[in-house]
Amino acid sequence: MTAYVGRFAPSPTGPLHRGSLVAAMASYLDAKASHGRWLVRIEDIDEARTMPGAAEAILQCLLALGMQWDEEVVWQSRRKPLYEAAFQRLAPYVYPCGCTRREIADSRIGIGPDGAAVYPGTCRTGLAPGKAARAYRLRVPDPAMAQITFEDRWIGRVSQNLATEVGDFVLKRADGFWAYQLAVVVDDGDQGVTDVVRGADLLDSTPRQIYLQRLLGLPTPRYLHVPVLTNAAGEKLSKQTGAQALDLARPLEELNAAARFLGLRSDQVQSVEGFWKQAVAAWAARFADQ
Ligand code: GLU
């Protein structure tokens, strides 16, 4: 069996909060319970959303909570040539798209599980006269060939039809930035990630990522999507929905709260080291049969 490589891949749009701590903790526990390596990758490819100083704050916070990564931190903003190279390899499946967001929404072909409008394929056969390329999209197969199914270690079997539920999706955005879907697949492949453990808000992205892995000849990692912490209105915690910053003066309380959310018993432990010892053992026991 290949040696386990896991990762935590935060977007530096704000400091670590209680919701992102849950994802960080799950990926760390899974790596440690598997005697694997745990990598941290800063997903700062969307420079418009990157908040100055947030990446450094996230890294400091991980260390303060006892989560030490095993290799040098990787920054997506410094890896653009890798995304360009993958994009070139995908060229036979890529086409320029001149549609605006509004035009796609107005086509009303359907709404995907992530709430985004399914792309109707308007520019598949070429840009309409007078239209300029805005984004670059990847052509997905016809519906009969577009079903992607995988076993999630937390959720079980997940299946999505890329043609009817997503449509041709963006690899290079209208603002010139690489799409998350492309960058994450290139990086997970390049870093030899065997296990992706992250929040279930990304579950709907996974079939797109599996499809890209297949086209690029990359192995598909195992996936485990943990529940996402929401606020009273049922919204995913984020800076926009009022996520509270972590109280680093009380690391054990923060760790215990995240562990309880993940369904781990958190007994009275006296130290951060003690917490991790207990939590890793509990995680290993829970997933022992996988
Ligand atoms: N950067 C993404 C986020 O912070 C996570 C990417 C991933 O884990 O695949 O939501």
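Keeping all protein chains in place, calculate the accessible area per residue for region 103-223 (probe 1.4 angstrom), answer in Å². Intermediate results must be reported in sequence, preceding the final value.
On the way: 5400 Å² over 121 residues.
Accessible area per residue: 45 Å².
Quick check for you: which residues of region 179-196 have the amide N under 19 Å from the point 7 Å beyond the Cα of Val73 toward its beta carbon?
184, 187-188, 191
Find the cysteines in the chain that fail to meet the 4.7 Å Cβ criterion with every other cysteine, and list them.
Cys61, Cys99
So with the 1.4 Å probe, I'd like the accessible area per residue for region 1-70, rounded to whole Å². Mind dumping the intermediate values first?
Numbers: 2600 Å² over 70 residues.
About 37 Å² of surface per residue is accessible.
Pick from Thr206, Thr164, Thr230: which residue has the top mean-square fluctuation in a GNM of the chain where Cα pairs under 10 Å get a spring?
Per the Cα network of the chain with a 10 Å cutoff, Thr230 tops the list.
In whole percent, and with a 1.4 Å probe on the protein chains, what portion of the accessible area of the chain is carbon and sulfur?
53 percent
Evaluate the relative contact order of region 147-290 (contact order divided by residue number), counting alpha-carbon pairs under 8 angstrom at least 6 apart; express in whole percent.
18 percent
Only Cα pairs within less than 10 Å get springs; with that Gaussian network setup on the chain, which residue of Asp44, Asp114, Asp30 has the largest fluctuation?
Asp114
The values are calculated or read from the model by the stated rules, or taken from the named source; none is laboratory data. Note that the structure is predicted; figures quoted are calculated from it, not measured. Ideal geometry is used to build each Cβ from the backbone, glycine not excepted, and the neighbour counts take in all protein chains shown. The area values use the complete protein model at the heavy-atom level, side chains included, leaving out ligands, DNA and RNA. Shrake-Rupley method; radii C 1.70, N 1.55, O 1.52, S 1.80 Å.
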